[in-house]
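Step one of this worksheet: look at the structure below.
The values are calculated or read from the model by the stated rules, or taken from the named source; none is laboratory data. Predicted model, so just to flag it, every value in this text is computed and none were measured. Cβ atoms come from the backbone with ideal geometry, glycine included; neighbour counts cover every protein chain shown. These accessible areas exclude ligands, DNA and RNA; they are computed on the full protein's heavy atoms, side chains included. Shrake-Rupley method; radii C 1.70, N 1.55, O 1.52, S 1.80 Å.
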Amino acid sequence: MGKPQNDHPADHKISDSRKNSEQQPITACLLSAAFFGALGSSFIYGYNLSVVNAPALFIKAFYNTTWIERYGEPLAAETATLLWSVTVSIFAIGGLLGALAVSIILKVLGRKGTLLLNNIFAVIAALLLTLGERAKSFEMLIIGRLIIGVNSGIALSALPMYLGEITPRHIRGSIGQFNSILICLGVFMGQVLGLPELLGQESRWSYLFSFLALPAILQLCVLPFLPESPRYLLIERRDEAGAERAFQRFLGKKDVSQELEEVHAEARAQENLHTASVLQLLRSPGVRWQLITIIITMACYQLCGLNAIWYYTNGILREAGFAENIIPYITLSTGAIETLAAIISGLVIERIGRRPLLIFGFSAMAVFFSLLTVFLNFQERLSWMPYFSYISILAVIASFCSGPGGIPFVLTGELFEQSFRPAAFMIAGTVNWLSNFAVGLLFPFIQETLQSFAFLVFVVVCVLGAIYLFVVLPETKNKTFMDISKSFAKINKIPAPSPSNEMELVLSSKPDMNGRVQDIAKMESSF
């Protein structure tokens with residue numbers, strides 16, 4: 001009852017370390033890890049979202065020509081549609097397979113090792129997709145799309161985890177947004193290279209897929225010389241010397257004792273609690289609402305309607321009276337707006353926070369989807385209305401990239417401590433790719449049934465997502481992973497962990513622990 005809690009010397013020490021960390025410059029090592037890590041991962045994912053749009057007619061013609069050469073008759077319309085649908089949708093199936101496999105690979109190879117291994121999938125896919133036309137095998141294109149999907153499924157889990165674990169908490173959100181920025185740059189690059197003057201021609205379309213190998217090779221050249229995640233080294237590999245060297249390189253300073261102590265605190269809370277399986281994560285009451293939050297946020301990321309926007313863009317531009325030959329160039333504005341919004345989000349995320357950007361992004365999308373629905377219903381009556389429709393599309397894209405386009409991946413890394421993180425990313429990735437597949441499968445039927453009112457479905461998703469985040473999600477900026485766990489303690493209906501009982505809480509979710517470990521926990525809690 002004597003001194004207030006914040007007069008404790010340890011609290012002053014932690015407070016001073018936070019102030020010092022906020023004054024730290026960003027090192028070249030950290031920037032290189034963020035940029036080249038995202039270049040060989042997120043960029044490839046974004047590029048594959050847009051690269052098949054420009055050569056779609058040429059690929060379908062190649063399928064037909066190959067079929068005639070093999071079977072002596074033209075490809076039936078139903079078979080052609082099926083082959084093209086498989087070519088497009090198998091990317092999401094590959095992503096799901098990658099997401100399901102990632103936790104095992106992360107455990108064996110670590111964060112950096114997983115990213116390096118993943119480049120092999122990108123190179124193999126680039127070869128298959130590039131040589132498929134010369135080999136007169138559309139099966140090679142389909143298998144290539146499956147493999148590059150596996151690459152993306154692994155990348156969208158391993159990269160955010162790596163960036164979250166190597167970055168000081170005061171810039172964790174900004175560095176984490178490299179994932180989103182490089183996805184947008186990948187989409188934009190796919191649009192640019194697909195222009196008729198570049199590779200969007202019948203004689204050159206296969207080279208669009210050759211480009212996939214370049215970012216993978218660049219990452220293979222740089223990433224081996226950068227450190228592994230210090231959290232992974234210390235908590236999972238018990239390599240304190242390696243973790244210290246990694247922190248020193250990433251932070252650009254000799255004295256990293258505060259950072260090591262923060263990781264030690266997390267490690268003590270998880271002593272003898274090995275990397276959790278998905279089943280253990282699902283059963284753990286201490287992370288129940290973190291898991292629900294990630295599932296809802298990741299589902300909204302895919303179901304909020306951005307993928308469906310691309311379906312309408314070219315049609316709206318035609319309605320506005322733009323010539324067919326200039327539409328590809330105007331469409332570039334969508335990729336440019338997407339990239340710009342992601343960069344701005346990365347610059348302001350540490351000032352504004354994750355929670356406001358997510359809530360604003362989903363709310364703004366709901367508003368602009370509603371306006372787009374109105375404009376679409378009036379564009380046949382008023383000649384100038386398609387211009388408003390197109391502005392609404394740009395506003396939806398900008399709203400998405402301001403928060404919902406990248407922060408869900410940052411949150412997945414922040415809401416879980418080390419032992420639960422691989423399983424959490426596996427669940428988040430599974431939800432992401434299943435939702436992606438569901439949109440691709442169901443939206444054509446929704447659009448056929450509801451016509452221009454189809455976007456109202458996405459309004460409902462965005463509104464519900466914004467309301468949930470407003471009610472449940474705490475702010476996570478500039479907090480340690482332990483601090484974030486404490487923020488969820490009340491809603492999870494468990495005692496808030498403290499240095500004296502944090503180990504006891506973790507062990508409480510493992511009733512089958514041996515008695516010796518439980519005795520140690522009781523001894524620690526008595527000090």
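If you wrap a convex hull around the alpha carbons of region 300-375, what volume per residue comes out, as a whole number of Å³?
Here the figure is 95 Å³ per residue.
Over the heavy atoms of LEU193, what accessible area does a 1.4 Å probe trace out, to the nearest 10 Å²?
Approximately 30 Å² for this residue.
Send over the semi-axes of region 216-318's equivalent ellipsoid, whole angstrom and largest first, taken as the square roots of 5 times the C-alpha gyration tensor eigenvalues.
That gives 37, 25, 12 Å for the three semi-axes.
Per residue, how much accessible area does the chain have with a 1.4 Å probe, in Å²?
Spelled out: the 1.4 Å probe surface of the chain, per residue, equals 43 Å².
Direction-averaged shadow area of the convex hull around the Cα atoms of region 255-404, nm²?
13.3
For the pair ARG238 and ALA28, how long in nm is the line joining their label points, each one 7 Å along Cα→Cβ?
That separation, rounded to one decimal, is 3.7 nm.
What order do you get for 194-202, 123-131, 166-174, 178-186 when each peptide is scored by the mean count of other beta carbon atoms within 10 Å, highest first?
178-186, 166-174, 123-131, 194-202
With all protein chains present, how much of the accessible area of the chain (probe radius 1.4 Å) comes from carbon and sulfur, to the nearest whole percent?
In the chain, the share of accessible area belonging to carbon and sulfur is 66 percent.
Which loop-located trypsin sites (Lys or Arg not before Pro) does region 340-401 contain, where loop means any DSSP state but H, G, I, E or B and the Cβ has at most 13 other Cβ atoms within 10 Å?
Passing sites in region 340-401 are ARG381.
Sort LYS254, LYS136, LYS479 by accessible area with a 1.4 Å probe, largest first.
Largest accessible area first, the residues go LYS254, LYS136, LYS479.
Only Cα pairs under 8 Å and at least 6 apart count here; give the relative contact order of the chain as a rounded whole percent.
Relative contact order comes out at 21 percent.
Give the ranking of SER487, SER435 by solvent-accessible surface, highest area first, calculated with a 1.4 Å probe.
Solvent-accessible surface, decreasing: SER487, SER435.
How many percent of all Cα-Cα pairs in region 34-125 sit more than 16 Å apart?
66
Above 42 angstrom, tally the Cα pairs of the chain and express them as a % of all pairs, no decimals.
In whole percent, the share of Cα-Cα pairs in the chain beyond 42 Å is 22.
Taking the Cα centroid of region 169-193 and of region 427-470, what is the distance between the two, rounded to the nearest whole Å?
Region 169-193 and region 427-470 have Cα centres spaced 23 Å from each other.
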